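Structure first, then comments.
The values are calculated or read from the model by the stated rules, or taken from the named source; none is laboratory data. This structure is a prediction, so every number in the text was calculated from the model and none was measured. In this analysis, Cβ positions are derived from the backbone assuming ideal geometry, glycine residues included, and neighbour counts consider all displayed protein chains.
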Amino acid sequence: MPIIELKDVTKTFGRVNALRGISVKIEAGEVHCLLGDNGAGKSTLIKILSGVHRPSQGTYEFEGKPVELRSPREALDLGIATVFQDLAMLPLMSITRNFFLGREPQKKFGPIAVFDSRTASGITNEELKKIGISLRDPDQAVGTLSGGERQAVAIARAVYFGARVLILDEPTSALGVKEAAVVLKYIVQAKTKGIGVIFITHNVHHAWAVGDTFTVLNRGTSYGTFKKADVTRERLLQMMAGGEELEELAVELELIAKRDSTEAGKLEQQVAKVLEDEAGESH
Amino acid sequence: MPGGENGVFASAGRFRRNFLEGRMANLRKLMVRPELGAVTALIAVFIYFAVTAGSQGFLTTEGTINYLEVGAEHGILAVSVALLMIAGEFDLSIGSMIGAAGMIIAIPVTKFGWPPWLAILVAFAFSLAVGYLNGWLVVKTRLPSFIITLASLYLLRGLTFGLTIALLNYTRASGMGSYLNGDPLVTIFSGAPLGLKISIWWWAGLTLVLGWILFNTSYGNWIFAVGGDAQAARNVGVPVARVKISLFMLTAATGTLLATIQVLDTGSTDVLRGELAELEAIASAVIGGNLLTGGYGSVFGATVGALILGMVQQGIFYTNIDTNWFKAVLGAMLLAAVLLNNYLRQQALRSQ
């Protein structure tokens with residue numbers, strides 16, 4: 001049984017159809033890539049999956065039962081953790097405080113609950129060490145970390161708090177090649193822990209490197225879901241660009257190239273003639 | 001350092017380097033504390049007045065108590081304003097709240113014969129309601145709190161003015177003194193335990209309690225998060241609206257606290273009481289390293305900022321400088337503080 005299943009989900013904003021008839025299943029221990037160009041509906045779909053929006057039509061099922069999520073917090077309580085692209089961390093707060101934000105460990109002194117910062121720092125250090133980041137100081141501001149490290153902290157946080165599904169919104173798009181590779185490694189690590197990872201990206205190469213299943217979105221509709229064995233990278237790229245459009249574009253590009261070559265040929269002949277004439281005069 | 005025989009020197013060099021790096025790391029940690037700029041300024045201001053006005057009474061116990069009292073007037077407001085600022089919001093209505101609360105206490109007592117404790121409780125209830133409304137409007141409309149509370153600034157001041165004139169025919173209410181004897185609430189808002197005015201004790205108490213809450217509770221963590229990035233905070237389940245609204249209630253309540261202390265101390269109040277107090281509280285908080293845009297700051301810093309304001313305000317009095325210069329000094333200090341704090345914050349975010 002899939003952990004999450006969307007059945008025929010449609011989302012409209014006023015008269016705009018952001019998503020039409022989307023159905024996807026997310027299984028435990030797989031990396032499910034959501035691919036699509038800008039404006040394909042990826043971010044609307046993430047917001048539905050993470051509890052920010054509710055579908056206008058269709059059902060959201062969690063472990064086979066229909067659910068209605070009213071906030072990201074409710075999704076989080078079910079174990080659906082989302083790492084939003086640029087909203088993952090508060091740069092001026094320490095790594096530890098970011099790690100435990102909203103779920104602070106507490107010590108009780110009678111009726112007074114105190115933030116247990118020693119436990120928090122210890123766990124943060126430990127969890128980050130597990131994914132290969134050794135911190136100089138867990139109390140340093142998140143703003144001192146690189147983009148990839150921030151993503152890593154966010155992923156480690158989700159895993160530590162028992163995420164069953166991890167939704168990653170373009171985690172590699174703002175990163176350099178090396179850092180992106182490190183984040184891809186974390187994605188695989190999360191998968192081997194039995195977590196269902198939803199990896200949203202418009203980079204087919206990153207998706208292909210780690211993905212087991214691929215769903216391609218285009219203009220709010222789905223081209224369907226494909227197992228890695230049943231599809232090629234080129235085919236995915238073609239679907240993302242909208243299939244036919246890309247073929248049309250290729251024809252157009254070819255025409256431009258042809259036209260240019262005849263122009264260039266004419267120019268060459270003219271130049272040759274001028275040179276010949278000049279040569280004749282000088283004799 | 002090449003060569004075997006130089007090994008000792010190499011390790012000595014390494015040791016010195018490690019030692020220096022350790023020292024630098026500690027220094028950096030100290031530098032990124034939000035209140036460092038304020039503490040430095042406090043020392044500078046103190047030394048300046050100790051040198052120029054030390055012989056005229058600035059260094060006496062009396063002189064010290066003097067500037068502590070003025071500092072307390074700014075500080076009681078500044079500590080709550082700092083928390084609200086860290087949460088990314090402003091409260092410009094806090095000065096008008098002082099005027100309104102003063103009248104809510106003074107008029108019923110002197111005109112209608114209410115017991116002071118009842119009038120004080122009503123004033124606090126009123127301020128909490130106003131704070132709730134301010135916060136609720138900010139959260140619901142998503143308009144800048146600057147605008148919302150600017151509206152409450154005028155509304156509260158105007159209503160205080162109009163209603164006071166309508167009820168008393170004057171802009172002042174006085175004669176509280178004869179009603180205060182034996183009232184149960186009066187003791188905690190007036191007097192001078194151990195020779196220090198009650199306002200100083202409230203200031204110190206609020207600094208300790210609010211400072212402790214900010215750094216040692218989940219709620220404190222949420223205050224930082226809400227001001228740093230409300231959307232990110234909401235996504236991890238922080239109750240953003242509740243945090244903001246409660247802080248607007250806190251600032252309104254500290255305005256009423258100050259009004260209560262002042263009314264009981266002087267026995268009278270005026271419709272203009274507390275004018276510009278909101279700006280001085282913001283100035284204290286900013287000098288104390290609190291970031292106007294939220295997400296960064298400290299309660300202790302705001303208290304140091306308030307102390308600096310009090311020290312300069314009273315210190316000028318002891319020197320030969322004309323006291324009219326105070327505002328210019330305040331403006332220059334504010335500018336210097338913002339520049340310094342901005343630099344320190346950039347240091348905090350630099351990779352180590």
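Is there a residue being away from every other protein chain (no Cβ under 12 Å), surrounded by fewer than 17 Cβ atoms within 10 Å (Cβ to Cβ) and hydrophobic (A, V, I, L, M, F, W, C) anywhere in the range A:114-125? The answer is no; no qualifying residue exists.
Restricted to the range A:130-152, and to residues there that are part of a loop (DSSP other than H, G, I, E, B) and β-branched (Val, Ile, Thr), the residue that is surrounded by the most Cβ atoms within 10 Å (Cβ to Cβ) is A:Ile133.
Looking across the range B:108-165, the residues that are in a helix (DSSP H, G or I), over 17 Å from B:Arg273 (Cβ atoms) and of a type in the set (D, E, K, R) come down to B:Lys111, B:Lys140.
Looking across A:Gln151, A:Gln189, one residue alone is more than 9 Å from every other protein chain (Cβ to nearest Cβ), in contact with a Pro (Cβ under 9 Å, 6 or more places away or on another chain) and of a type outside the set (Ser, Thr, Tyr). It is A:Gln151. If the condition is being surrounded by fewer than 21 Cβ atoms within 10 Å (Cβ to Cβ), within 14 Å of chain B (Cβ to nearest Cβ) and among the hydrophobic types (A, V, I, L, M, F, W, C), then the range A:43-73 contributes only A:Val52. Taken over the range B:120-150, the criterion of being within 23 Å of B:Asp270 (Cβ to Cβ) and either touching a residue at least 24 places away in the same chain (Cβ under 8 Å) or over 25 Å from the mean Cα position of the chain (by Cα) (or both) is satisfied by B:Ile120, B:Leu121, B:Ala123, B:Phe124, B:Phe126, B:Ser127, B:Val130, B:Gly131, B:Thr149, B:Leu150. When B:Lys327 is tested against (1) modelled with pLDDT under 85; (2) within 19 Å of the chain's Cα centre (by Cα); (3) buried (at least 17 other Cβ atoms within 10 Å of the Cβ), only condition (3) is not met. With respect to (1) facing chain B (nearest Cβ under 10 Å); (2) closer than 26 Å to B:Arg33 by Cβ, the lone exception for A:Ile95 is condition (1).
Count of the range A:182-198 residues, restricted to those that are in contact with a strand residue (DSSP E or B) (Cβ under 8 Å, 6 or more places away or on another chain) and either of a type in the set (Lys, Arg) or outside any strand (DSSP E or B) (or both), is 5. Against the numbered list (1) surrounded by fewer than 24 Cβ atoms within 10 Å (Cβ to Cβ); (2) under 14 Å from the mean Cα position of the chain (by Cα), B:Glu275 comes up short only at (2). Could you go through the range A:165-178 and let me know if any residue there is assigned by TED's automatic domain parsing to the domain that holds A:Thr44, within 21 Å of A:Ala28 (Cα to Cα), surrounded by fewer than 22 Cβ atoms within 10 Å (Cβ to Cβ) and of a type in the set (Val, Ile, Thr). For the range A:165-178, residues assigned by TED's automatic domain parsing to the domain that holds A:Thr44, within 21 Å of A:Ala28 (Cα to Cα), surrounded by fewer than 22 Cβ atoms within 10 Å (Cβ to Cβ) and of a type in the set (Val, Ile, Thr): absent. Condition check for B:Asn181 on (1) outside any helix (DSSP H, G or I); (2) within 17 Å of B:Ala253 (Cα to Cα): one failure, at (2).
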